[in-house]
Structure formats: C-alpha cells, structure tokens
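The values are calculated or read from the model by the stated rules, or taken from the named source; none is laboratory data. What you are looking at is a predicted structure, and each value in this text was computed from that prediction instead of being measured. So basically every Cβ, Gly included, is an ideal-geometry build from the backbone, and we count neighbours across all protein chains shown. With ligands, DNA and RNA removed, areas are computed over all heavy atoms of the protein, side chains included. Shrake-Rupley method; radii C 1.70, N 1.55, O 1.52, S 1.80 Å.
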Amino acid sequence: MFNKRVKIKELLVAETTGHEVTVMGWVRTFRNNQFIALNDGSTNNNLQIVVELGMLDEATLKRITTSASLKVTGQVVPSQGKGQKVEVKATSIEILGDSDAEKYPLQPKKHSLEFLREIAHLRFRTNTFGAVFRVRHSLAFAVHQFFHEKGFVYMHTPIITASDAEGAGEMFRVTTLPADNPPKDEDGSINFKEDFFGRATNLTVSGQLEGELAAMAFSEIYTFGPTFRAENSNTARHLAEFWMIEPEMAFYDLEDNMNLAEEFIKYLIRFAMENNREDLEFLAQRLAEEEKQLPQDKRSEMGLIEKLEFVLNNNFERITYTEAIDILLNSPAYKKKKFQYEVKWGVDMQSEHERYLVEKHFKKPVIVTGYPKAIKSFYMRENEDGKTVAAMDILAPGIGEIVGGSQREERLDKLTERMKEMNIPAEEMWWFLDTRRFGTVPHAGFGLGFERMVLFVTGMTNIRDVIAFPRTPKNAEF
C-alpha cells in the first residue's frame, strides 16, 4: 500500500523518534554505500536514510544513484550527523525507478538558470525551483483565500474571445480554418463565417470586460486565469502566456480601488512569509550570493526578507502622473542623460522611469494615478480636467508595474464618445454598453500579473523562472 507513506517535511518538523515509517522520494546523494539523502519535494531539506552495511547486495547498491526513486521503511532515530534532528534507519529499501547517473543532467553542483530552462521538465527537482514553486502555490492559494474572506465571487471568464480588451491588437488567433488555403471573400480578406465560431476569435488578453458584466450583478467578483499576449518581447519581465488576477468591484471609486490593491499585495506577501519561511530564507540566501557577483551600484539595498518586511510595514507612496513626470525631469538621472527613453508629460512611462521612482526616489512601492487619457484604454473614467483618466498603476522595486487598474467609465455618453475617438465599433460591444444602460454604477477594478508577483516575492530576476513552462517568442518547449 503506497498511501501509508509519511512526507519528509512532516517527519523533520515532528522530530519524534522510535516509530516505524515508510517514506518515498528521489535520491539526491548516496555516500559511503551507507547514507542516502532522500527528497520528496515537500521541503528542500533531505531526509538521511542510514543503510546498514551488508543489508543490500552489490547489484542493489549500484542502482541507488542520483534521482533513482525509492520506497524506504525503517525506524525514526535521533540523528548522529549535523543538520538534522532525526534520520531513518532502513529495514527495507525498494527501488521504484532507476536513474542512469551517467545520463542524468542534474549533477550535485550549481547549474545556471539558463541551462535549467533548457531542461525545465527536470528543474523542479533542484532546491531553487522547489522553493519557487512551493511559494507560487502558496500565493495562488492566498489569492482565493483573500477574496473569499471578503465575499467576492470567483468568475471563470472565457479564454477564447472575440474582443480585444486592451485595444493593443497583440493577440493569438484561434481558428480551425486551413492555414494554407483559408476561404476568402471577394475583396481577398479571410471569410471567418466559415470558421468554427463563425467569426474571428482570439486567446484572451484579459478577463476584465466579462468581469465587469458579473460585477454588475454580484457587486464584487474576481477572475484568476491564463491570459495571452502575442507581443514580440524577449525581456526578463514578459511572457506570451501568463496568469492574471482581475477583481472588479461595483460601488468602488479610485481610492477604494487603490486601498484594495495595496491590502491585497500585503496579504499575499504576509501569507508567504508565514507559510513559506524556510523557502524564502533559502531564496534570500541564493539572491545574496548572486548579487555578490554584481557591481555595488547594481546590488539591492535590502535582502529579500528585509524587502518583503519593508513593503508590509510601510504605506505605498501615492502620487499623480504629473508629479511623477516632474520628479523624473528634476532627477540627477535625467540631467545626466541616464534615461534611454524620453521624459515629458504625455509619454507612457517606461520601466526605467518606473524603477527610478520606486528604487531611487521613494525607495518603496508607488501608486501613480491620473494618467493622460491618450495613453490609456477606452474604458477608464475621464477626470474633470478632460485630459487625464482615473487610472492607477502600482510600481514595485525590481520589476516596475505590478498592478494596472482604474475606475471604469460608467457614463454611457462619455464611454460611447471615447470609443468613437478610438475607433472601437460600438455595435460589436453592445453587451458591454448594456451594463451602462441598465442600472449603471460607479465601479473600478485592477489586474495583477501573477508571475510578476511571484517574481517579487521570490527575488528571482527572470519571469521565465517563476512559471513552470515559459511561453516566449520562438519558444513553446515541453
């Protein structure tokens, strides 16, 4: 019976001895034909299995190689060695799966993250990725717990959609039409009436528009699902497939929206700090060692744990876009021409500008509000000045934008006027406009990029290392 096994984490935490257990896992190391370090993924800490000399025949000993899987039964005894309180003195060892040590690509040494991306199917077995994905799990669990405690309704919005919520046009097409010879209209354009859905459809870039429909009935909802951007961007912060958390709240204004987003981020961090302390301490150590290789001015001013505690213990700075531009224009970095991209009122701030505000100027997360309407989406509420919208972005150290949101435009006349300006066909969005026709209310919402949040909490520096199998330009491996 396999289900009698005990998880290694539970065994190490309990520290009780004198009883028999069955454990299963993969061999990390085997030394002197006597000591097996066994790991089952429940923790980075290995359990030492002690094999009495003569207990196993030569052929079996040879099969106990790195990453072979074992079922071990034995007595839990106080450990003689350093580093652990208990170990298991084996009474029986069964090899469940062999592993050819010559061919197994993970050796007991430090591998580069680039190399591990090439073997992403095996990288979970390393301590770094064990820690990252246990933290990712906790953060995902905390997302649901946070909203559940507040009485939000979890909505599954469609992955296949006919609308482009962001208006950026960077979408993956979903079609069953033959790629080599699609049916065409007389003007040469593709005839999507012949397609599966009878119209052009794409993978969603956001669940927001559908989320708004649900908020008009339940008051407060959230979505948490995969989103897709066909943006040819090969940076350490972009993926083509990623996960988004998007709450939408009726009867909320911009201030309520900012308060919820700040509370949410702090809740997630606190949850990970309370439930994954061991993993975060390991990742903090890893980051500190990595940063030793960097020049002094490129190193973080705080360690990972300190940074997370600092975010928890301080209110986020709140400034307007206009104030942000003024700070940038008066900054030493601008005066010394250190910015690659131009700074003036009306530009869409780049990551270098956002990170300057957060890392150099305020040294803490910043919420920027009141962006020029020309650079923001059609659904954002226009401010009284006619030039800006009630948008808010939360900028985080090391990453830049982590949350984007706004108070939504609830006034039908203003919304249709804005759609006309941006050439968004109102007849295709009739369902969205209905929410403004039938009992419209002030409402707001935001989107949190889940991988960016995981990046922030784990201290990893490349977004490809916080999602199991990254999808990026020219890469859809595994």
Those residues of the stretch 289-322 which are farther than 15 Å from ALA396 by Cβ, open to solvent by less than 50 Å² (accessible area, probe 1.4 Å) and under 23 Å from the mean Cα position of the chain (by Cα) amount to GLU291, GLY303, ILE305
In the stretch 109-126, residues that are touching a Phe, Trp or Tyr at 6+ places or on another chain (Cβ under 7 Å) and assigned to a loop (DSSP other than H, G, I, E, B) total 2
Flagged in the stretch 183-215 as in a loop (DSSP other than H, G, I, E, B) and without any contact (Cβ under 8 Å) to a residue 24 or more places away in the chain, in numbering order, are PRO183, ASP185, GLU186, ASP187, GLY188, SER189, ASN191, ASP195, PHE196, GLY198
* Mind checking whether some residue in the stretch 220-239 is of a type in the set (S, T, N, Q), at positive phi and in a loop (DSSP other than H, G, I, E, B)? -> no
Looking across the stretch 127-162 at residues that are farther than 11 Å from PHE224 by Cβ and assigned to a strand (DSSP E or B), the single one that is least open to solvent (accessible area, probe 1.4 Å) is THR161
Practice task
Kindly indicate whether GLU428 is over 11 Å from TYR379 (Cα atoms) and assigned to a helix (DSSP H, G or I).
Solution key: yes
*Could we say that GLU382 is at pLDDT below 95 and either of a type in the set (Gly, Ala, Ser) or surrounded by fewer than 21 Cβ atoms within 10 Å (Cβ to Cβ) (or both) here?*
no
Taking the stretch 13-29 and the residues there that are among the aliphatic types (A, V, I, L, M) and modelled with pLDDT under 95, the one that is most open to solvent (accessible area, probe 1.4 Å) would be VAL13
Exactly one of GLU278, GLU354, GLU359, GLU262 is farther than 15 Å from PHE456 by Cβ, in a helix (DSSP H, G or I) and of a type outside the set (Gly, Ala, Ser), and that residue is GLU278
Only one of LEU70, LEU122, LEU106 is modelled with pLDDT under 95 and either touching a Leu at 6+ places or on another chain (Cβ under 7 Å) or at positive phi (or both), namely LEU106
If we keep only residues of the stretch 74-108 that are part of a strand (DSSP E or B) and touching a helix residue (DSSP H, G or I) at 6+ places or on another chain (Cβ under 9 Å), then the residue nearest to THR17 (Cα to Cα) is VAL76
Open item on the list: Among the residues that make up the stretch 401-421, is at least one of them surrounded by 15 or more Cβ atoms within 10 Å (Cβ to Cβ), assigned to a strand (DSSP E or B) and at pLDDT below 95?
Closed with: yes
Apart from one, (1) touching a strand residue (DSSP E or B) at 6+ places or on another chain (Cβ under 9 Å); (2) open to solvent by 50 Å² or more (accessible area, probe 1.4 Å) all hold for GLU427; the odd one out is (1)
So, GLU246, is that one under 15 Å from the mean Cα position of the chain (by Cα), open to solvent by less than 30 Å² (accessible area, probe 1.4 Å) and modelled with pLDDT of 95 or more or not?
yes
Selection from the stretch 459-475 of residues more than 14 Å from PHE242 (Cβ to Cβ), within 18 Å of the chain's Cα centre (by Cα) and surrounded by fewer than 21 Cβ atoms within 10 Å (Cβ to Cβ) yields THR461
Contact list, first residue from the stretch 1-29 and farther than 19 Å from PRO78 by Cβ and polar (S, T, N, Q), second anywhere and surrounded by fewer than 16 Cβ atoms within 10 Å (Cβ to Cβ) and at pLDDT 95 or above, beta-carbon distance below 7 Å, six or more apart or interchain, is THR22/LYS71
